[in-house]
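Reviewing the structure listed below.
Please treat every number below as a calculation from the coordinates, not as lab data. Here the structure is a predicted model, which means the values were calculated and not measured. All Cβ positions, glycine included, derive from the backbone under ideal geometry; neighbour counts span all protein chains shown.
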Amino acid sequence: MRRFFFDPAARKGEMVLLSDIESRHIVKSLRLHVGSRIELLDGTGLRYLAEITSLVRQVVARILTADADAQEEGVALHVGQAMLKNAKMDFVVEKCTELGVTSLSPFISSRSQGNLDDGERGGKRQQRWQRIIESACKQCSRTRPLELQGVRPLAELCSADGGEPRRLRLLFWEEEKERCLHDLPPFTDYGRIDLLLGPEGGFSRDEVALAARFGYQSISLGPRILRAETATVAAIAIVRYLSGAM
Ligand code: SAH
């Protein structure tokens, strides 16, 4: 069944007005018709079964049923990703969405490459990432979007402490030779897990020491040096598995 996003503000009772973009896609490309059943998401954690009632200008649909998201979410997983070059960062945003990461915090690392200016481009970059998140949510049927934080320095990210109890904080470092994920105690009942992934040039020793002051343990993903975007996907998938979320 085809899946579409709608803005909760475009809902009146059980009637939903879909956006111009979604309407054009429904009418021009998918050629759906009045009576067609569709799945709707509004980013609030609910999933709706709906029926198209009108195709004039913007598509109107009537909500038939609503379900709270059955997807198990497991413990909240917050990823801090050192800024990577554009396409790699777009890839990480999309994969964090698909893999059920709660929030993504891009940060500036001393060895980040690519253009980091956060001026007017920063606004465009955040908008592009939001579009990637929405598109990935539609594709993977995720009902609550990835929370995207603003780009900030590593020190600010590490010190932003929500005060949750029982936090696990891991920094993935290719120069860590001792500890890897299966050396850690069982991932039972953590309240929150924070991961830090480095830039193409790797974390500096100062950055590893800074993060350690905030409770981050450095962790190896094995003897090979993974590309930054490979390490991020691998780390998230393994931690999600160990924390019982997949
Ligand atoms: N400095 C490396 C490149 C860093 S890889 C080089 O010499 O080429 C980019 C990021 O991926 C690292 O900062 C780290 O966060 C992660 N990473 C890559 N391989 C890893 C490994 N074997 N263990 C832990 N993290 C790794």
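As a test of the formula, what do you get for the chain when each DSSP H run with n ≥ 4 contributes -39,500 (n - 2.57) and the sum is divided by the residue count, at 222 nm and rounded to the nearest 500 deg cm²/dmol?
Values: 6 runs with 69 residues, N = 246.
My calculation for the chain gives -8500 deg cm²/dmol from helical runs alone.
The calculated P(r) of the chain, using every Cα pair and 10 Å bins from 0, goes 7, 29, 30, 19, 12, 4, 0 in percent.
GNM on the chain, alpha-carbon springs under 10 angstrom: the most fluctuating residue among VAL56, VAL34, VAL75 is VAL56. Based on alpha-carbon centroids, what's the gap between region 156-191 and region 199-240 in Å, whole number please? First find each Cα centre; the distance between them is then 10 Å.
State whether region 139-228 is rounded, prolate or oblate according to the following rule on the C-alpha gyration tensor (a ≥ b ≥ c being the square roots of its eigenvalues): a/c under 1.5 gives rounded; otherwise a/b larger than b/c gives prolate, and the remaining case gives oblate. List each step's numbers first, then the result.
Numbers: a/c = 1.28, a/b = 1.25, b/c = 1.03.
Rounded.
Taking the Cα centre of the chain as origin and assigning +1 to Lys and Arg Cβ atoms and -1 to Asp and Glu Cβ atoms, the resulting dipole is close to 800 debye.
So for the chain, averaging the separation of alpha carbon pairs under 8 Å that are six or more residues apart and normalising by length, what relative contact order in percent results?
Values: 446 pairs, mean separation 48.9, N = 246.
Value for the chain: 20 percent.
Only lysine pairs 8 or more places apart, or on different chains, with alpha-carbon atoms under 30 angstrom apart are counted in the chain, and they number 16.
Region 125-232: which trypsin sites (Lys or Arg not before Pro) are DSSP loop and have at most 12 other beta-carbon atoms within 10 angstrom? Taking region 125-232 and a limit of 12 other Cβ atoms within 10 Å, the loop trypsin sites (Lys or Arg not before Pro) found are ARG166, LYS177, ARG224, ARG227. Largest GNM mean-square fluctuation among PRO153, PRO185, PRO145, using the chain with Cα springs under 10 Å: PRO185.
For an R0 of 30 angstrom, estimate the FRET efficiency from the Cβ-Cβ distance between THR44 and GLU164 and round to the nearest 0.05.
On the way: r = 23 Å, r/R0 = 0.75.
The value I calculate is 0.85.
A simple spin-label model places pseudo-atoms 7 Å from Cα toward Cβ; at ASP7 and ALA68 they are separated by 2.8 nm.
As an exercise, find the ratio Rg/Rh for region 3-68 from alpha-carbon atoms, using the Kirkwood inverse-distance average for Rh. Walk me through the intermediate numbers first.
Working: Rg = 10.6 Å, Rh = 11.5 Å.
For region 3-68, the value is 0.92.
Mind pulling up the Rg/Rh value for region 175-246? Radius of gyration and Kirkwood radius, both on Cα.
Working: Rg = 12.4 Å, Rh = 13.2 Å.
Using Cα coordinates only, the ratio equals 0.94.
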